[in-house]
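Undergrad: Provided herewith is a single structure, encoded as structure tokens, for subsequent inquiry.
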Amino acid sequence: MKSSKPARLALERSTCISLLLSLVLVPRVLSAEDQPPADTKKDSLEGQPLVLSPFIVNTERDSGYKATNSTSGTRLSTAIRDVPMDLEVITSQFIQDTGSSNLRDALRFSGGVVLNSQVDGLVDPGSYDNSSSAGSNDARGVTRDPNQTTYKIRGLITDSVLRDGFTRKGFSDTINVDRIEVVRGPSALLYGVGAFGGIVNYIPKRPEEKARGEIAIETGNEGWQRATLDLTGPLSQTGHLLFRLTGALQQNGSFIDLYKNKQQFISPVLSFRPWANTLITFDNEWGTKKVTGSGDLQNIRGVDISNGSYANSRRADFLLTGVVNLRTFNWGGPDEYHTTGIQNHLLTVDQKLADNLYFRAGLQRTHETRGSQVVANAFINGFNPPFDRNNALDYWNGHFLGDVLYRHYVYRQIGVDPNDTTAQYYLPPTDTAVIQYQWNNDSQDETRDQLRAEFNYKLEAFGTHNFLIGLNYQKSTLDDLLKSNPRSSNTRGALNRDQIYDFKAIDDTGYFSLNHQGYGGPSLPVVPLDGAHSIDWDLGYYAVYQGSYLNNRINLIGGLRHDRTDASNSTIAYDATTPTWTPQAKAVSAPPTKTSPQIGLTVKVLPSISIYGVHSTGVVPNYYLTDGAGAPLAPTQSKSDELGLKFELLGGRISGTIAAYKIKRSGTPRFIWWAPNAVRMAKNYNPNQPLAYAIDGITPGFYDYIKNKPYMQVLDPNHTIGPGSNLTFKVPNDPNSAGAQVLNDAQIFQSQSYLNWPGWMFESGYNQALTDGTGNVLLNSPGSNSADGAYVPIDDENKGWDAQIVVSPTNDWQIVATYAHNENKMTSAYKYVKVPYVFGSQWAIWNFPTYGWGTFQGILAKDAYTDPTDSSTYKGIGVGTGQSLDGSPSHVVTIWNRYDLKHIEPLKGFVVGFGGTWQSPEKWMNGYAVDGTWIAVPGADGKLHSLVLSTKSRLSLSAMVEYTYKLTSKREVALRFNIDNLLDDQKRYGLVYADGASYKLSARVSF
């Protein structure tokens, strides 16, 4: 694991150098204002006109919030009205007016872009419940990624953004952003793997020929303080060498107690034009960000996962309801933090090779360090008391820790009366409840190298034809070191629970501390546990044709991309006897390849109205995942069909795009813990040994059901079995044997009611005493819990329509409005593989008729499968098919107005802005845990129903007022006041609270 200290020192040196450079450049920019214009003939590059690369967006016709051209859709600067895609541009003016300081701020008025989620549908829980997070104790969904680059478009997750076409996973600052381009729909043709719902590509600010600069300071509530710098101009008299220097210093708090963010960012850019046809750009960024008191652990789920499924912890309500201010309370305390350091260096060459033939190549290296320290694996333990009165380690200052820490607790599930004993997964009250937790310290060091090279040839013959061929390569190397409390290992031996976890009383609202436990004793040490070294790369070749026919009335864009991807991963356990790096076995032996087509057509039906259609695709490889047969999972794929309307009415005063779409995604992997797995079954089931089962913890109901059955005289001749006992028995190859009969009855009993439960009967691989007293037996069965579980491919669909409109009723008034409607549903059942059917398979875990897993909803195997002897014929009744598992709101409306009062004499110099966002109810419980387990509540009809809960609709209003006045003919001052959440909404939406009102006052000097 690399140390991040050299990176920090390099950043500090770079920051100092850049700040010194700004001190040199500011006077130069100021003095350049007073210089007479250079002699054009003398200063031109050999008297030749400068050539603008087609790969650089042309913003000459942009006006305020209206952009006319984009590069994100085709890689070439193309009129948005001619691109057969739903493409939105957020201009620098809009970013400034809305007071946006980062990418997420700027996207909040973009309809259909979800920045804060709670339910994310078919998503691997490891993407957010990982070692860098508080797990299910943080109610936010996958969009809580501290890198600020994870969001959803059209209901589908994207975990990175693009910076001028290059992948970016680190934080950004808008001081360096010129515009943001949002392309909706899959974009594999140009940008490779991922991004099923769309991509966000932001264009950085470039050096300009005219010397100018801007310095701004801001202050606001919650400790908001920010200072920015933006300088640009020539560094040579001839204009061959230009520069741009942007930077920001920021610190702020939050409505959450103890939260504090400090960040710095600086970006020097040089562009050099040695000849008229050549442009070389060297673009650099350095930044650091540290959040202390990060608020990952604001509360703890009130469920005991030591006695049940961890996945079900997300159905539990929080512990401290009514005890503290849940909105502001930060239980994790000041010792929780997240840090990020980023360096980004991009060298780009634009070259005109011949008339209409252009070349661009860009080489980028990004180095990012990430660190976190969070309270992890925190939950209530009430059924496995961790303290032993006979253990001296469980005493502190002479007091038994159980007496100090144990409390009475009634478990609380969302949507369920805690006293309802008929509730699914009901847990009785306990008198030994205690919080057990660990501290996780995670350090990551990632280097990402990217190369993009493209040729463009333009042909004018019977229309205009652009041919683009390109190569896109990227390689990421990630080192990860996890430190946490000790665990049982071959060096430490078997540790007791109190040697693995720290403890705290459930009514102790003091902050969690890295130094001491809740009772005052020292915390367990945080030691190195696991390391990982992973490499992934993608090499893509693409060819794109863009043609314009009949005087630009018809525009056609089509192309193909071929990707070849691969990955490797090695892990190490530092607490092993001999720590050794071990390569992880991949599911595929050869790098997977995929060809992605895309084709779109725009037809101008009227001079101001065009219709378009586009078919596009996306792909994500599943490097290490196998199905239940041990075969590699195919890449997850998406296919999108979209029809739209583009318009520019009233001389361009009204322009926009309206689009309807359907995105079909197939092969999304989901690990189902009870799914049939032939590979594991072969390892854990011995067909040469007799079948042997144990029903552990027989429930009172099942005991009453079987106690008088004749077969009990065979299984329990000495009458030793009662409620809570374990019934262990052999099953000869005879469907009428006593063992077969009790297993059949267990299934029948379970299927009769969701309240029934016979006991756990799916273990194998260890010895247990037979109930009939004849000795011990090795538990052995096909389809036991140790022989099941597999990744299962699932298909889903998102469809809807969205719109973006820019209106200029007058030259002084601009309006931006967006709308998005999205519907999601799962379209396929779990696709199980066929596993060998042997005697005993009828009692396999995937055939067990529970109401939350197995066959689901108490359905017997004969009805759950077309052929009960073939697990691949599973019908998937009740697993969510046809339901929406994603929580994205169905409707989102945004609007923003800007009005320049320059023609009202008393108000000349003032600009006002006003707008807001409205979204329909957002789902925060979808009825299924992340592992596919059904989460249900009893209804008035006595049956179970999916627990589906949604927030109320929400409205957030924002406003801005700015006053600008000139100090001199070339210097002006602007004062701006922004307020967000004007209604000061602090309500709880699901389990997440609204931010409340925030305001900023800024002063900006331009020269």
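The values are calculated or read from the model by the stated rules, or taken from the named source; none is laboratory data. Keep in mind it's a predicted model, so treat the numbers as computed, not measured. We place every Cβ from the backbone using ideal geometry, glycine too, and count neighbours over all the protein chains shown. All accessible areas refer to the heavy atoms of the entire protein, side chains included, with ligands and DNA or RNA removed. Shrake-Rupley method; radii C 1.70, N 1.55, O 1.52, S 1.80 Å.
Undergrad: Relative contact order (percent) for the chain, with alpha-carbon contacts under 8 angstrom and 6 or more residues of separation?
TA: Here the relative contact order equals 10 percent.
Undergrad: Quote the relative contact order of region 383-432 in percent (integer), defining contacts as alpha-carbon pairs under 8 Å separated by 6+ residues.
TA: 36 percent
Undergrad: Take peptides 622-633, 144-155 and line them up by average Cβ neighbours within 10 Å, highest first, as a rough protection proxy.
TA: 144-155, 622-633
Undergrad: Using alpha carbon centroids, what distance separates region 673-740 and region 787-859, in Å?
TA: 36 Å
Undergrad: Mind checking region 333-395 for trypsin sites (Lys or Arg not before Pro) that DSSP puts in a loop (not H, G, I, E or B) and that have at most 12 other Cβ atoms within 10 Å?
TA: Values: sites: Lys352, Arg360, Arg365, Arg370, Arg389; in loops: Arg389.
Here the trypsin sites (Lys or Arg not before Pro) that fit, given the DSSP loop and packing criteria, are Arg389.
Undergrad: Next question. On the accessible surface of the chain, probed at 1.4 Å, how many percent belong to carbon and sulfur atoms?
TA: 56 percent
Undergrad: Along each principal axis of its Cα atoms, how long is region 63-217 end to end? Whole angstroms, biggest number first, please.
TA: The Cα atoms of region 63-217 stretch 52, 41, 24 Å along their principal axes.
Undergrad: Using a 1.4 angstrom probe, figure out how much accessible area the chain has per residue, in square angstrom, rounded to the nearest whole.
TA: Normalised by residue count, the accessible surface of the chain is 40 Å².
Undergrad: Separate question: How many nm is it between the label spots at Ala959 and Lys475, if each spot is 7 Å from the Cα in line with the beta carbon?
TA: If labels sit at Ala959 and Lys475, their model points lie 5.6 nm apart.
Undergrad: Shifting gears a bit: Gap in Å between the Cα centre of region 500-537 and the Cα centre of region 361-379?
TA: If we compute the Cα centre of each part, the gap is 20 Å.
Undergrad: Run the numbers for Asn221 and Asn726: contour at 0.36 nm per residue of separation, minus the present Cα-Cα distance, in nm.
TA: Gain on stretching Asn221 to Asn726: 175.6 nm.
Undergrad: Kindly state, to the nearest 0.05, the FRET efficiency for Tyr545 paired with His891, given R0 = 35 Å and r defined as their beta-carbon distance.
TA: E between Tyr545 and His891, to the nearest 0.05, is 0.40.
Undergrad: Moving to a separate point now. Keeping all protein chains in the complex and leaving out DNA, RNA and ligands, what accessible area do you get for His338 with a 1.4 Å probe, in Å² to the nearest 10?
TA: Approximately 30 Å² for this residue.
Undergrad: Rounded to the nearest 10 degrees, what's the angle between the helix 738-752 long axis and the longest principal axis of the chain, both from Cα atoms, 0 to 90?
TA: 50 degrees
Undergrad: Based on the mean of other Cβ atoms within 10 Å per residue, sort peptides 454-466, 985-997 so the most packed one is first.
TA: 985-997, 454-466
Undergrad: Could you point to the residue in Leu87, Ser101, Ile175 farthest towards the positive end of region 69-204's charge dipole, with +1 and -1 charges on the Cβ of Lys/Arg and Asp/Glu respectively?
TA: So the residue we want is Leu87.
Undergrad: Bin width 20 Å, origin at 0, all Cα-Cα pairs of the chain: what percent of pairs per bin?
TA: It works out to 12, 40, 33, 12, 2, 0, in whole percents.
Undergrad: In degrees between 0 and 90, to the nearest 10, how far off the longest principal axis of the chain does helix 5-33 point, with axes built from Cα atoms?
TA: Between helix and principal axis, roughly 20 degrees.
Undergrad: In square nanometres, what is the average projected area of the Cα convex hull of region 379-519?
TA: The number I arrive at for region 379-519 is 18.5 nm².
Undergrad: Okay, moving on. According to a simple spin-label model (label point 7 Å from Cα along Cα-to-Cβ), what is the distance in nm between Asp507 and Ser920?
TA: 4.6 nm
Undergrad: Here is a follow-up. Note down the magnitude of the dipole of the chain about its Cα centre, charges +1 on Lys and Arg C-beta and -1 on Asp and Glu C-beta and zero elsewhere, to the nearest 20 debye.
TA: Roughly 1980 debye, rounded to the nearest 20.
Undergrad: Express in whole angstrom the spacing between the alpha-carbon centres of region 928-977 and region 200-246.
TA: What the calculation gives is 31 Å, centre to centre.
Undergrad: Name the residue farthest towards the positive end of the dipole of the chain from the options Phe379, Val323, Leu156, assuming +1 on Cβ of Lys and Arg, -1 on Cβ of Asp and Glu, about the Cα centre.
TA: Most positive-ward Cα: Leu156.
Undergrad: Oh, and also: List the trypsin sites (Lys or Arg not before Pro) in region 235-295 that DSSP assigns to loop (not H, G, I, E or B) and whose Cβ has at most 14 other Cβ atoms within 10 Å. Which are they? Could the numbers behind the result be given before it?
TA: Values: sites: Arg244, Lys260, Lys262, Lys289, Lys290; in loops: none.
Counting only loop positions with at most 14 other Cβ atoms within 10 Å, none of the trypsin sites (Lys or Arg not before Pro) in region 235-295 qualifies.
Undergrad: Here is a further query. Which aspartates and glutamates, on any chain, are close to Lys862 with Cα under 13 Å apart, when same-chain ones fewer than 8 places away are left out?
TA: Asp870
Undergrad: Further question on the same structure: Do the sum for the chain: with -39,500 (n - 2.57) for every DSSP H run of n ≥ 4, divided by all residues, what is the mean residue ellipticity at 222 nm, to the nearest 500 deg cm²/dmol?
TA: Helix-only estimate at 222 nm: -2500 deg cm²/dmol.
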